[in-house]
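Participant: The following block contains the structure, expressed as structure tokens.
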Amino acid sequence: MTPTPSVNRAALQGAPAESTGHDAHLAFARRMDRIDGLAHYRARFLGTDVDAELANPRAYLDGNSLGRPVRASAERIAEFLNTEWGTRLIRGWDEQWMDLPLKIGDDLGRVCLGAAPGQVFVGDSTTVLLYKLARAAVDSRPQRTEIVLDRDNFPTDRYILEGIARERGLTLRWIDSDPEGGVTAEQVRQAVGRQTSLILLSHVAYRSGYLADMPAITAIAHEHGALVLWDLSHSVGSVPVELDLCDVDLAVGCSYKYLSGGPGAPAFGYVKSDLHDVLTQPIQGWMGAQAIFDMGPGYVPATGIRRFMSGTPAVVGMLAMQDTIAMLDEATIEAVRAKSVALTEFAITLVDEWLAPMGVTVASPREQTHRGGHVSVNHPLMRQVTKILWDNDVIPDFRAPNGLRLGLAPLSTSFVETYDGVAAVRDVLRGILLGQSGLAQ
């Protein structure tokens, strides 16, 4: 086994390995941060460089897996414990908690999802919501026997549909997508047919960051009488989504990535209003009942979006995402997307110049209109690189077999932080390669 080389600590603090002369990339990053209209939002997050004692890690490039906590959320949670829960106790349910999943859902729909009121709710995990909406979709088309999905989708999405197919005796029609790209409209057109009941795809591919053509794919599904369910986990809060405009049927997404809801924060579900009375969700809980507190002998679903709820809402888990939604409302999702594109373009420029000579390849679309909020790069040593970086407080994300993801959250990630992170990847990978070649150790 090759010994792990020592890490250049100066490089991990942002100093370029080529320390002599002017660093044009660093100068560019500093200039971009000065003129960035969203730069002031960074100070609203805990652990950024505005808090010297809390600025750990130096470069956090995993906002597409878990967003940084928001300062206002710390205050909100403390206030909730001391006042709403601490003094109002169970009265809080009648006063506001009961409707919180629908209020936050409406706010999220308006700010990030392009959804009219009464179509989005918060509750359960992404996994549970995927199951509920996918099962409801296929059961609404009992004469159809096929589900279309892709092999490179996030495991949960595939596992859920494999289980539903077993339960309902359905056939899975697999799309073999490019792992460095994603599912195209043409691939969907070739896979869908008269027997298709449901198509499940991710709007932004978790591995490559590929941004799917939502309006075209949704239209293809409808041409064949199928429903489409979009996983928005890697797009909500980073990429503008227009669910109503695209005539989307169903959507699900998590809230702990770009929405900074915190570890395990509840997910959200979208059901087009036309389908509220058509679909029957399979997990019938008391919160989805018409008369919640009557607790009658039989289940009668509520009207509207509430019928897709099941159990008691995770009120504490919903608190933090409200502050990020408010920031996105203030900043606008269009401005967030513009900065996201600029950050990912900058990251790719650094990868091309610094990492490509060492054999690193960009595994994300280079065309910005086809790319979401993160950039993936491949190299056989990325697992080792990621471990060393994490040990030295530089945090990207690793995805097997050879991928390193740079998750750049526009409200909390700066251009200099992006520079520091990619520079650290460069220096660690260079050190490993030099150690393996025997040139340095």
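The numbers here are math on the coordinates, done by the rules we state, and not lab data. Model, not experiment: these values are computed from the prediction. Using ideal geometry, Cβ is built from the backbone for each residue, glycine included, and neighbour counts are taken over all protein chains shown.
Participant: Using a 10 angstrom Cβ neighbour count of at most 15 plus a DSSP loop assignment to flag exposed trypsin sites (Lys or Arg not before Pro), which longest range of the chain is free of such sites? Numbers along the way, then the final one.
Facilitator: Numbers: sites that count: ARG88, ARG151, ARG194, ARG366.
Result for the longest clean stretch: 195-365.
Participant: Still on this structure, I have one more. Suppose every Lys and Arg Cβ carries +1 and every Asp and Glu Cβ carries -1, with no other charges. What dipole size does the chain come out with about its Cα centre, to the nearest 20 debye?
Facilitator: 660
Participant: Would you mind pulling out the separation of the Cα centroids of region 60-87 and region 283-345, in Å?
Facilitator: Taking the Cα centre of each part, region 60-87 and region 283-345 sit 17 Å apart.
Participant: Distances longer than 24 Å among the Cα atoms of region 179-271: what percent of all pairs is that?
Facilitator: Tail of P(r) above 24 Å: 20 percent of Cα pairs.
Participant: Just to check I understand the Karplus step: with θ = phi - 60° and J = 6.51 cos²θ - 1.76 cosθ + 1.60, what whole-Hz values come out for region 126-138, glycine and proline as x?
Facilitator: Per residue, the Karplus-derived 3J(HN,Hα) values read 4, 4, 5, 5, 4, 4, 4, 6, 5, 4, 4, 5, 5 Hz.
Participant: Longest segment of the chain with no GluC sites (Glu not before Pro) in a DSSP loop having at most 14 other Cβ atoms within 10 Å?
Facilitator: 54-241
Participant: Which entry is the computed Rg and Dmax of the Cα atoms in Å for this structure: (1) 31.3, 101; (2) 23.4, 83; (3) 23.0, 78?
Facilitator: (3)
Participant: Hey, what number do you get for the chain at 222 nm if only DSSP H runs of n ≥ 4 count, each worth -39500 (n - 2.57), divided across all residues, to the nearest 500?
Facilitator: About -10000 deg cm²/dmol.
Participant: What is the percent of Cα-Cα separations in region 74-319 that go past 22 Å?
Facilitator: Result for the distance tail: 53 percent.
Participant: Let me ask something else about it. Explain nothing, just compute: Karplus ³J(HN,Hα) = 6.51 cos²θ - 1.76 cosθ + 1.60, θ = phi - 60°, for every residue of region 35-41 in order, whole Hz, x for Gly and Pro.
Facilitator: Once rounded to whole Hz, the list reads 9, 5, x, 9, 4, 5, 5.
Participant: Among all the lysines, which ones have a C-alpha under 25 Å from LYS132's C-alpha, if same-chain residues fewer than 8 places away are not counted?
Facilitator: Within the straight-line cut-off, LYS132 pairs with LYS103, LYS257, LYS272.
Participant: Using amide H atoms built in the peptide plane, which far-off residues or other-chain residues are under 5 Å from ILE175 H to H?
Facilitator: Those lying under 5 Å, H to H, from ILE175 are LEU149, ASP150, ARG151.
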